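For reference, the structure I am asking about is given below.
The values are calculated or read from the model by the stated rules, or taken from the named source; none is laboratory data. Treat the numbers as computed from the prediction; the structure is a model and nothing was measured. Glycine gets a Cβ as well: all are built from the backbone with ideal geometry, and neighbour counts include every protein chain shown. These area figures cover heavy atoms from the full protein model, side chains too; ligands, DNA and RNA do not enter into them. Shrake-Rupley method; radii C 1.70, N 1.55, O 1.52, S 1.80 Å.
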Amino acid sequence: MVMEGRWKGISTVLVILAGLAASGSSYQIIEGPKNATVLEGSEARFNCTVSQGWRLIMWALNGTVVLSITPSEPIITSDRFTSASYQEGGNSISEMIIHDVQLRDAGHIKCSLQNSDRDASAFLSVQVMGALLIPGGNLVVAEDEPCNVTCHAWGWIPPPGISWDIGVPVSHSSYHSIPEPNNPQSAVSVLTLTPQGNGTLTCVATMKGLHAHKSVTVNLTVVQPPLGSIDKAGTSLPTWAIILLAVSFSLLLILIIVLIIIICCCCVSGRGKKESSYQSEIRKSASVKTNKETFETNLESGSENLGYHSDEPRTAKLASFAPVSSESSVQEQHSSRQPYQGPDRRWRGPAGRPQVSFPVASPRTVRNVTLV
């Protein structure tokens, strides 16, 4: 049925065109359509005023005829393109209506008459309203402390103008909007304010050239700052500075602990070495003293060997080392051993057995041996 209707419409247009060409009549376009900017999904309307006696009006979109109108009825090829007719001062006004405008519909619109050398055109602009969002939703902030609120607009063609409706008492507020990096169809707006009470914040995005806008609202709750907090606006440190200070203090504390451990280890090691050296000296002194006492005890407890005979070479050698001291020692010992012998009474041994004394190299001990 649809195909039959289309073929019937085309045949009717051909018949009318043939009739107009045969009659040779001429009609004029008095006023053509005007430029229009519409929102995607809405309707676009264009008017074309022609003089009386016209037989066929054709509407084209970007070079393609989408609607044809005869005095009796329009020839519709798509449900998205319809027409309406009006009379004004003896002239006819043909209106083309585009329903559910799409972004692809943007372009040139042309109104023309079959037997006229004139046509009239206009331009259709289509804008797209995207999404609007305040990340995080409702906000809780400290009283009299500055805070930032961000509003994002995605998928808008062209990017919208963004403004703020501040419904909270503030001591200061300002905002700025910039395009999203690497996304020309989006924009972001940052609101900076110092709140003093509860209320609402509304981000409003407005289409350029249209009275269309979209808004998003969040609740702002103000709480008292923590007790003991002395940070005020403009005096608080940035986050990177706080992190740097915390890391520095941690490293300093670790370094101090390491130094304390090293010093303690050195002290313990030095004390151990001193004690070891002191104990070693005590042991050496005790050993030397013990050896000395043992030696002296052996000397005191030893018995004198009266039958000791020394070799001649050794005697001569000892006599050659200390002749004077040995003789004097022998004389002293001899005098000490005979304290009661009178000057005239001398003990003589048997004949032929003279008394012989052997000098000893030691200046302390002298032994006298008598041969019988």
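Keeping to segment 70-81, report how many residues are hydroxyl-bearing (Ser, Thr, Tyr) and open to solvent by less than 30 Å² (accessible area, probe 1.4 Å).
Result for segment 70-81: 1.
Within segment 48-69, track down each residue that is open to solvent by less than 70 Å² (accessible area, probe 1.4 Å), among the polar types (S, T, N, Q) and modelled with pLDDT of 90 or more. Show your work before the answer.
Keep residues of segment 48-69 that are open to solvent by less than 70 Å² (accessible area, probe 1.4 Å), which gives 48-51, 53-54, 56-61, 66-69.
Within this subset, residues satisfying the condition of being among the polar types (S, T, N, Q) are 49, 51, 68.
Within segment 48-69, THR49, SER68 meet the criteria.
Just the residues that are at pLDDT 50 or above, surrounded by fewer than 16 Cβ atoms within 10 Å (Cβ to Cβ) and more than 20 Å from SER85 (Cα to Cα), please, taken from segment 15-38.
SER26, THR37, listed by residue number.
Okay, next question. Counting just the residues of segment 95-115 that are farther than 26 Å from SER42 by Cα and open to solvent by 20 Å² or more (accessible area, probe 1.4 Å), which one comes out nearest to the chain's Cα centre (by Cα)? If you could, list the steps in order and put the result at the bottom.
At the first step, the residues of segment 95-115 found to be farther than 26 Å from SER42 by Cα are 113-115.
When the remaining residues are screened for being open to solvent by 20 Å² or more (accessible area, probe 1.4 Å), the result is 114-115.
On the way: GLN114: 71, ASN115: 74 Å.
The extreme case among them is GLN114.
Let me ask another. Just checking, does segment 226-243 include any residue being in contact with a Cys (Cβ under 6 Å, 6 or more places away or on another chain) and surrounded by 11 or more Cβ atoms within 10 Å (Cβ to Cβ)?
No, that holds for no residue.
Here's something else I'd like to know. Would you point out which residue out of ILE178, ILE162, ILE157 is open to solvent by 60 Å² or more (accessible area, probe 1.4 Å) and among the hydrophobic types (A, V, I, L, M, F, W, C)? Walk me through how you get there before you give the answer.
Numbers: ILE162 fails: open to solvent by 60 Å² or more (accessible area, probe 1.4 Å); ILE157 fails: open to solvent by 60 Å² or more (accessible area, probe 1.4 Å).
After ruling out the rest, the residue left standing is ILE178.
State all residues of segment 181-217 that are out of contact with any Asp or Glu (no Cβ under 6 Å at 6 or more places or on another chain), within 17 Å of ILE134 (Cβ to Cβ) and surrounded by fewer than 18 Cβ atoms within 10 Å (Cβ to Cβ); if no residue qualifies, say none.
VAL190, THR192, ASN198, GLY199, THR200, THR206, HIS213, LYS214, SER215, VAL216, THR217
Within segment 203-214, can you find the residues that are farther than 22 Å from VAL141 by Cα and either in contact with a Leu (Cβ under 6 Å, 6 or more places away or on another chain) or of a type outside the set (Val, Ile, Thr) (or both)?
Once the filter is applied, which keeps residues that are farther than 22 Å from VAL141 by Cα and either in contact with a Leu (Cβ under 6 Å, 6 or more places away or on another chain) or of a type outside the set (Val, Ile, Thr) (or both), segment 203-214 yields ALA205, MET207, LYS208, GLY209, LEU210, HIS211, ALA212, HIS213, LYS214.
Take the conditions small (Gly, Ala, Ser), closer than 16 Å to LYS34 by Cα and not in a loop (DSSP other than H, G, I, E, B) and apply them to SER68. Does it pass? Working first, answer last.
Values: small (Gly, Ala, Ser): yes; closer than 16 Å to LYS34 by Cα: no; not in a loop (DSSP other than H, G, I, E, B): yes.
So SER68 fails the test.
Against the condition part of a strand (DSSP E or B) and surrounded by fewer than 16 Cβ atoms within 10 Å (Cβ to Cβ), how does SER171 come out, does it pass?
On the way: part of a strand (DSSP E or B): yes; surrounded by fewer than 16 Cβ atoms within 10 Å (Cβ to Cβ): yes.
Yes.
Of the conditions (1) in contact with a Phe, Trp or Tyr (Cβ under 8 Å, 6 or more places away or on another chain); (2) open to solvent by 60 Å² or more (accessible area, probe 1.4 Å); (3) assigned to a strand (DSSP E or B); (4) farther than 17 Å from SER121 by Cα, SER92 satisfies every one except a single condition; which number is it?
That leaves (2) as the condition not met.
Considering each of PRO160, PRO146, PRO135 in turn, give the residue that is within 15 Å of ASN219 (Cβ to Cβ) and touching a strand residue (DSSP E or B) at 6+ places or on another chain (Cβ under 7 Å).
Working: PRO160 fails: within 15 Å of ASN219 (Cβ to Cβ); PRO146 fails: within 15 Å of ASN219 (Cβ to Cβ).
From the options PRO160, PRO146, PRO135, the qualifying one is PRO135.
Within segment 117-136, does at least one residue satisfy the condition of being in contact with a Lys or Arg (Cβ under 6 Å, 6 or more places away or on another chain), open to solvent by 60 Å² or more (accessible area, probe 1.4 Å), closer than 23 Å to GLN28 by Cβ and not in a loop (DSSP other than H, G, I, E, B)?
yes
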